[in-house]
Amino acid sequence: MTRNSFSKADRILKRHEYIRLSASGKRIYTTNFIAIYASGESDRTRLGITVTKKIGCAVVRNKIKRRVREYFRTNKDSFQGVLDINIIAKKGADALSPEASLSALGHLFSKVSLRR
């Protein structure tokens, strides 16, 4: 795999992992996203994405998920330590332009790395 790939090892896949994060993780709230993070159980930082049907149709939900994955994929080397992070999209995240959403995600991930 290339260095900037987003492989299965970089993803939170199992339901029990999401439940563990929501039960014991720390939360950071921004206008358009919520980040829940905790120390990771694997050897790398992993990402989970949650976008509910309240946000919009499947096209809109997938667009948000693509943007979050793209930000994580291009910036995952900047994270120090091993974390499991779940990003939850809030209403209004679908109205952001690509540049604004990447900026909002950059702000959110910088908060996560500062509060570790």
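The values are calculated or read from the model by the stated rules, or taken from the named source; none is laboratory data. All values derive from a computational prediction rather than experimental measurement. Every residue, glycine among them, receives a Cβ derived from its backbone with ideal geometry; neighbour counts consider all protein chains shown.
For the criterion of being of a type outside the set (Ser, Thr, Tyr), more than 15 Å from the chain's Cα centre (by Cα), closer than 20 Å to PHE6 by Cβ and modelled with pLDDT under 95, GLY81 passes. Assessment of segment 37-44 against the conditions (without any contact (Cβ under 8 Å) to a residue 40 or more places away in the chain and at negative phi) yields at least one matching residue.
Do you know which of the residues in segment 68-90 that are among the small types (Gly, Ala, Ser) and either in contact with a helix residue (DSSP H, G or I) (Cβ under 7 Å, 6 or more places away or on another chain) or assigned to a loop (DSSP other than H, G, I, E, B) (or both) is nearest to GLU41 (Cα to Cα)? So, considering only residues that are among the small types (Gly, Ala, Ser) and either in contact with a helix residue (DSSP H, G or I) (Cβ under 7 Å, 6 or more places away or on another chain) or assigned to a loop (DSSP other than H, G, I, E, B) (or both), the one nearest to GLU41 (Cα to Cα) is GLY81. Out of segment 24-64, which residues are of a type in the set (Ser, Thr, Tyr) and under 23 Å from SER7 (Cβ atoms)? Within segment 24-64, TYR37, SER39, SER42, THR45, THR50 qualify.
Scanning segment 26-49 for residues that are surrounded by fewer than 18 Cβ atoms within 10 Å (Cβ to Cβ), under 21 Å from SER103 (Cβ atoms) and not aliphatic (A, V, I, L, M) yields ARG27, TYR29, THR30, THR31. Among residues of segment 26-62 being more than 25 Å from ASP94 (Cα to Cα) and assigned to a loop (DSSP other than H, G, I, E, B), the one that is modelled with the highest pLDDT is THR45.
Residues in segment 51-62 that are of a type outside the set (A, V, I, L, M) and buried (at least 18 other Cβ atoms within 10 Å of the Cβ): GLY56, ARG61.
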